[in-house]
C-alpha cells in the first residue's frame, strides 16, 4: 500500500512525548528510524509488560506507539554517536526530538548545525516550546492536563472533590497531533519550495487551546465553569446526563431534540420497562417545542429517562436509542470494542505479528478509512537495537571494525 | 469588505475548501488550514445559520437573553465559539433544498480542492452528492466526512456528539476515581482533539492529492480515531487479559504505567470563583525528586521510613503518603507550591482554570497563544491561535470569523462569474 508518507525518512529521538507522532508517520509509510539510548527508550520501561515482567522488548505501551519503526541504539551523550546522528540527519527528511531546549545545541545538533540539509524538517515537541519563562519546568502528561486547563473542567460535580485527568497520555497525543499537522504542512510546502524548516511546538500551548468552551466563557463573559460528573463543565449547575444502567454500567444520555417519531418510540420503550408515561402522554408533549423545553429545563422527562435507563442494559440503551435517532452512548471499556460487528464491517482491526508471544494482536487501523492515504500499522515495534547494524552499515557505510570500535567506546550497542 | 483569508500569502494559498461543517468537531479541520492561507468557504443554510453563531452563548453586546439572530440590526453574530472555530474563513449562504442551490454546490465543487462536512451519513447522498458524483464533477477533489462512527458499517446512521464518541471509545471510562462513576472529560475532548485529527487527515489528503494528482474520499470516524488514543489499554487486554473495567481502574490522578508515587492532586488553600477547591498536582518520578520533596516539606526523615524508602514501597503506601503531602499543601497557595517544587526539580503544576491561563499564565502570554484580532463590533478580542511555530512558513491568524453570508458577492460573483442580476435572482428565489 502506498502511504501518504511513502518515501520519507524520519529520524526520531526516542521520547514518550513524541513517539505517537512517529508512529503515525510510520503507519503512513515513512521509514522511521528511532534513536534510542543504549538501555532503551524510556517508552520501553513504563509498562504494562507482557505478563507484567519488565523487559524492554515486551512493553505494551511501547509496542502500540512504535509500530513499524526501526530501532538504533546510540548513546548521543558521546561524541562519536553525535557524529553518526549528524550524518543520519544529513540525509533525513524529518527529524523529531523532545530534548530539553538547549540540549542538542550543546552537542552541535541543533537546527542551525544540520540545516545544510536544505530539505530537512526539524520538529521539536517539548513541554513549553523553546522559549518563555516556564520553559524549563518539570512536567509529565498529567501535569500538562493540570496546567493546560483540561482538569479544571473535568471531574465530579462535588466542588470538594479533586479535578480528574483522563488516562492514556492525552496531553502528549494533543502535542503529537499538532506536531504532525505542522510537519505535513512543511512537507506540502517542500514539494514546491524544496526547502525544509524548523518547527517548535509546546505541549502547554496546545493543551491551552484545547478546552472547548472554558476559554471563550472566561474571555467573553468572565465566567468560571462548574465541573459536572462525566459531562461538560458549565457556567450553571445542570442535572446529570451520565446515568446508571440495570447492568451496573453507565449511559451518556445526551440531551437533544426528539422528533415525533422518536418521542413516541421512546414512550413505548418506557411502557415496556414499566416506567410510568401517563403524564408524558399528555397531548401537549406531542408538540416538539414543548417537550424540548421540558426536557431541557424540567424534571418530568429527565426523571422518566433516568428510570428507563436504570431499567435497561447499557448495550440496549445505546442500540435502541440510536436506532430511534437519539445519540446516547454506552460508556464502554476500550476493550469492549473488540468483537463488535460495526468495526469488523469497516475492516478496522489490523493483525500485527508478535513472535515474542507467538501470535498476532489486532491493533486499531487508525483514524481514517481511506485507501489512498494508506495509513495502518506496518508491522510490530522493533526490539531494542534491532536495526543498529543495518543502519550503521547500509545507511552510514561503516565496516565491522568501525562498529566494534564504536561499541567498545560505548557509543553504540 | 472581504475577509482576510486571501490577503496574506501562505503555504496553502491557492487551496480552496468548501466547508459544510457545523457544531464543533467539523469546523476545526478547515480552520487549521486557514492559518496557512487556504481560502475556506463556510456554507450556511440560506435564511438560517450555523447554530454556533448564537446557540451556545448569549449576546455579548445586548443585555437580553434572546439569541442574537432575532435582535434587529445585529448583523455580526458575535458568538464567541463561532469566532474561535471559523476565524479566517469566508461565509456564504445557500439553500441546499432547492435544486438550483445544489447546482451551485456542484459548480463550487468544480472550483475547490477539498470539500468537508460533518453531517449524518445520509445528508450528502440525499442531496445527490455521493462520492461518485463529487468525484465525477472534480476528479482531483478531496472529500472528507467527519462523523461519530463513519459512513459504512451497521452503525453508519448513528448520531454522535463529542461525549458519545468519548463514551464509546473507552476514553470516558478511563477517567475517574476508583469505585466512583466515570469522571470522563469535562468538555467534548473529541470535538477538539477529534477536530484536530480531522485537520491532520485533511492536510494529509491534500498532500497526497498534490503528489498523485488524484482526489480521494476520507471517511473519518471520530470514535475510531479515539480508539487509537487508548491503544495501550487495548493491548493490555489482548496480551494480559486485563481490561479497563476493573475495581482499581482508573485510579484517579495516580499513575498507571509506570506506577510511581507520589503522583496525585493535593488540595491547597482557597477556592475558585464558584467555590470549587483549588488543587495542585505533584509527582515524583525519581528517587532524587522524592528526596527533594521530603526536604521541601521539612520531613527529610520520610526517605528513611521503610514505607516510603523506595518507589515500590511508596506505591504500596500511597494512601498514607498522599495524606502526608496533602497536610503540607492544605494551607499553602497553589502557585507557591508549584514554584517551590519546580525550583527543587519536582514535577508540580497548579490546576489552572481558563481565567488563570488567559489572564496570568506568563508562558502563554510569552508564546502569544491567544492572539488579538480586530472585530468590527467587539473591537480587539483574543482568539485561540495555532500553536506550532514554523520558522520559514509561519502560521497566521488571518482575521475574525465572517459575518452571515458576508462573502456571497465574492463567491457567486467573482468566483462563479455570475452577474449582479443573476445573484439578485438567486436571492429573490431564496436560493442564497
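Numbers for the structure displayed
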quantity: Of all residues in region A:322-349 being more than 7 Å from every other protein chain (Cβ to nearest Cβ), under 23 Å from residue B:184 (Cβ atoms) and touching a residue at least 40 places away in the same chain (Cβ under 8 Å), the one that is surrounded by the most Cβ atoms within 10 Å (Cβ to Cβ); calculated: A:328
quantity: Those residues of region B:165-199 which are free of Cβ contacts under 8 Å to residues at least 24 places away in the same chain and either assigned to a helix (DSSP H, G or I) or under 19 Å from residue B:228 (Cα atoms) (or both), in sequence order; calculated: B:167, B:172, B:184, B:185
quantity: Output for region B:169-202, where each listed residue is more than 21 Å from residue B:149 (Cα to Cα) and crowded, with 24+ Cβ neighbours inside 10 Å; calculated: B:175, B:176, B:182, B:183, B:186
quantity: Residue satisfying all of: in region B:360-390; within 8 Å of chain A (Cβ to nearest Cβ) and out of contact with any helix residue (DSSP H, G or I) (no Cβ under 8 Å at 6 or more places or on another chain); nearest to residue A:148 (Cα to Cα) among these; calculated: B:362
quantity: Answer residue from region B:335-356, given it is without any contact (Cβ under 8 Å) to a residue 12 or more places away in the chain and closer than 30 Å to residue A:220 by Cβ and is surrounded by the most Cβ atoms within 10 Å (Cβ to Cβ) among those; calculated: B:352
quantity: Scan of region A:35-56 for residues that are touching a helix residue (DSSP H, G or I) at 6+ places or on another chain (Cβ under 8 Å) and closer than 20 Å to residue A:356 by Cα, ordered by number; calculated: A:41, A:43, A:44, A:46, A:47, A:48, A:49, A:50, A:51, A:52, A:56
quantity: Residue list for region B:197-220, filter: within 23 Å of the chain's Cα centre (by Cα) and more than 7 Å from chain A (Cβ to nearest Cβ); calculated: B:198, B:202
quantity: Residue match in region A:156-169 (condition: buried (at least 24 other Cβ atoms within 10 Å of the Cβ), modelled with pLDDT of 95 or more, more than 7 Å from chain B (Cβ to nearest Cβ) and under 16 Å from the mean Cα position of the chain (by Cα)); calculated: yes
quantity: Unmet requirement for residue B:420, which otherwise passes all of (1) touching a helix residue (DSSP H, G or I) at 6+ places or on another chain (Cβ under 9 Å); (2) surrounded by 15 or more Cβ atoms within 10 Å (Cβ to Cβ); calculated: (2)
quantity: Matching residues in region A:182-197 - criterion: being in contact with a helix residue (DSSP H, G or I) (Cβ under 8 Å, 6 or more places away or on another chain), within 7 Å of chain B (Cβ to nearest Cβ) and within 19 Å of residue B:34 (Cα to Cα); calculated: A:184, A:185, A:187, A:188
quantity: Qualifying residue in region B:293-308 (condition: in contact with a strand residue (DSSP E or B) (Cβ under 9 Å, 6 or more places away or on another chain) and either surrounded by 15 or more Cβ atoms within 10 Å (Cβ to Cβ) or closer than 24 Å to residue A:151 by Cβ (or both)); calculated: yes
quantity: Helices (runs of 4 or more DSSP H) completely within region A:1-114 that count 1 or more residues being within 14 Å of chain B (Cβ to nearest Cβ), out of contact with any strand residue (DSSP E or B) (no Cβ under 7 Å at 6 or more places or on another chain) and buried (at least 24 other Cβ atoms within 10 Å of the Cβ); calculated: A:19-27, A:60-65
quantity: Positions within region A:350-369 being farther than 14 Å from residue B:226 by Cβ, more than 7 Å from chain B (Cβ to nearest Cβ) and part of a loop (DSSP other than H, G, I, E, B), in sequence order; calculated: A:355, A:356, A:358
quantity: Of all residues making up region A:358-368, the number that are surrounded by fewer than 22 Cβ atoms within 10 Å (Cβ to Cβ) and either in contact with a helix residue (DSSP H, G or I) (Cβ under 6 Å, 6 or more places away or on another chain) or on the phi < 0 side of the Ramachandran plot (or both); calculated: 5
quantity: Residue in region A:304-314 that is within 14 Å of chain B (Cβ to nearest Cβ) and crowded, with 22+ Cβ neighbours inside 10 Å present; calculated: yes
quantity: Condition check for residue B:115: more than 8 Å from chain A (Cβ to nearest Cβ) and in contact (Cβ under 8 Å) with a residue 60 or more places away in the chain; calculated: yes
quantity: The listed residue being in contact with a helix residue (DSSP H, G or I) (Cβ under 6 Å, 6 or more places away or on another chain) and in contact (Cβ under 8 Å) with a residue 60 or more places away in the chain, out of A:21, A:92, A:30; calculated: A:21
quantity: Unmet criterion (only one of (1) more than 8 Å from chain B (Cβ to nearest Cβ); (2) in a loop (DSSP other than H, G, I, E, B); (3) touching a strand residue (DSSP E or B) at 6+ places or on another chain (Cβ under 8 Å)) for residue A:372; calculated: (1)
quantity: Some residue of region A:267-280 being modelled with pLDDT of 95 or more, loosely packed, with under 15 Cβ neighbours inside 10 Å and at positive phi; calculated: yes
quantity: Tally, over region A:198-211, of residues that are in contact (Cβ under 8 Å) with a residue 60 or more places away in the chain, within 20 Å of residue B:162 (Cα to Cα) and at the interface with chain B (Cβ under 7 Å from one of its Cβ atoms); calculated: 3
quantity: Test: residue in region B:330-351 that is within 11 Å of chain A (Cβ to nearest Cβ), out of contact with any strand residue (DSSP E or B) (no Cβ under 8 Å at 6 or more places or on another chain) and outside any helix (DSSP H, G or I); calculated: yes
quantity: Among (1) within 30 Å of residue A:160 (Cβ to Cβ); (2) touching a residue at least 24 places away in the same chain (Cβ under 8 Å); (3) in a helix (DSSP H, G or I), the one test that residue B:269 misses; calculated: (3)
quantity: Among (1) within 7 Å of another protein chain (Cβ to nearest Cβ); (2) out of contact with any strand residue (DSSP E or B) (no Cβ under 6 Å at 6 or more places or on another chain), the one test that residue A:136 misses; calculated: (1)
quantity: Selection status of residue A:214, buried (at least 22 other Cβ atoms within 10 Å of the Cβ), within 18 Å of residue B:357 (Cα to Cα) and either touching a strand residue (DSSP E or B) at 6+ places or on another chain (Cβ under 6 Å) or facing another protein chain (nearest Cβ under 7 Å) (or both); calculated: yes
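The values are calculated or read from the model by the stated rules, or taken from the named source; none is laboratory data. The model shown is predicted, which means the values in this text are computed figures rather than measured ones. Here Cβ is always computed from backbone atoms with ideal geometry, including for glycine, and neighbour counts include all displayed protein chains.
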